[in-house]
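A short write-up of the structure that comes next.
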Amino acid sequence: MADEPQKSKMSGWLRDLAGVFVVLDDQKAEEKPAAPASAPAPSAPPKSTPVSAPVFVAPASNDFVEDLRNRFRKILEEKNQPGFDFYEFSQMLLRTSTNPSVEHFKTAYEGAKLLNPNCNQQFLLESAAFYKTELQKAFEATVSAGEQKKNALTTEKAKEQQQLNTEVNTIEQQLAKLKQEIANLEKIQTEKLAALNGIDSKFTDKFAEIEQKIQATVTAKEGVASEISLIENGIKQYIS
């Protein structure tokens, strides 16, 4: 049973609950939960990009679910209205049994009328509606926080995917350029190998021509030298 008016801002436990996904400031907490904003569509992936298969999401652990349940219970405790109402009635029952029987309800109701003479079925149901509304608000705030986190991740994924696509395209262009350069070098290499293989035939005639001229020079020189020797011998023999 609360003795102070409910705070207008999100309580610490509600912030804690929404904080399962993201930390929210008071201003966001006061706003009515809105439908999740649409994330920007990621750029079209290249043909080589595989299509992601649906991801199987395993259920959360029982401990996590129980922790959330306790957080919701704490929120209702903070929202407890002054005086005896549905909250105290439900606590009275649940302390007795997690699955109250007819007798438990009757006993609790008798005690409730002693604590609050105005307590009747209509009063309990009306106050129950209040707590159901508060529970729904807490639930919507929590889900909204989760959706905001999902949207942020979707945007981050799209941005990273676009960056990777750009880098992949750049690399593919560089590879294409390198392949063309390699093809050009291979062509030049083939031409040079062919020239290397034909180098002997290219210079054979030139070497033969030079060798022929050298041999002719020797022959010419020997011919002239023979003439000189002939004259020289004649001088020695016939002129005294």
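The values are calculated or read from the model by the stated rules, or taken from the named source; none is laboratory data. All of these numbers come straight from a predicted model, not from anything done at the bench. Cβ placement follows ideal geometry from the backbone for every residue including glycine, while neighbour counts extend to all protein chains displayed. Just so you know, the surface numbers come from the protein's heavy atoms only, side chains and all, with ligands and any DNA or RNA stripped out. Shrake-Rupley method; radii C 1.70, N 1.55, O 1.52, S 1.80 Å.
Could you say which residue among N80, N118 is surrounded by fewer than 15 Cβ atoms within 10 Å (Cβ to Cβ) and outside any helix (DSSP H, G or I)?
N118
One line per residue, one yes/no per condition, for (1) more than 25 Å from K137 (Cα to Cα); (2) in contact with a Phe, Trp or Tyr (Cβ under 9 Å, 6 or more places away or on another chain):
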position	(1), (2)
L68	no, no
K74	no, yes
P82	no, no
F86	no, yes
F89	no, yes
L94	no, no
S101	yes, no
Y109	yes, yes
L115	yes, yes
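Let's see how each residue does on (1) open to solvent by 80 Å² or more (accessible area, probe 1.4 Å); (2) under 30 Å from I75 (Cβ atoms); (3) not hydroxyl-bearing (S, T, Y):
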site: K157; (1), (2), (3): yes, no, yes
site: L164; (1), (2), (3): yes, no, yes
site: L178; (1), (2), (3): yes, no, yes
site: A183; (1), (2), (3): no, no, yes
site: Q189; (1), (2), (3): yes, no, yes
site: F207; (1), (2), (3): yes, no, yes
site: I214; (1), (2), (3): yes, no, yes
site: S240; (1), (2), (3): yes, no, no
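Cβ separations smaller than 6 Å between residues 6+ apart or across chains give the following pairs from segment 139-155 residues that are farther than 13 Å from L68 by Cα to residues that are open to solvent by 60 Å² or more (accessible area, probe 1.4 Å): A145/F21; G146/F21; E147/P36; K149/F21; N151/P36; N151/A37.
Is it true that some residue in segment 128-140 is among the hydroxyl-bearing types (S, T, Y) and either under 30 Å from F72 (Cβ atoms) or surrounded by 12 or more Cβ atoms within 10 Å (Cβ to Cβ) (or both)? Before you say what the answer is, go through the steps one by one.
Residues of segment 128-140 that are among the hydroxyl-bearing types (S, T, Y), as a first pass: 131, 133.
Adding the requirement that they be either under 30 Å from F72 (Cβ atoms) or surrounded by 12 or more Cβ atoms within 10 Å (Cβ to Cβ) (or both) leaves 131, 133.
Yes, the conditions are met somewhere in segment 128-140.
Does A183 meet the test of being more than 30 Å from A108 (Cβ to Cβ), modelled with pLDDT under 95 and assigned to a helix (DSSP H, G or I)? For A183, the condition - more than 30 Å from A108 (Cβ to Cβ), modelled with pLDDT under 95 and assigned to a helix (DSSP H, G or I) - is not met.
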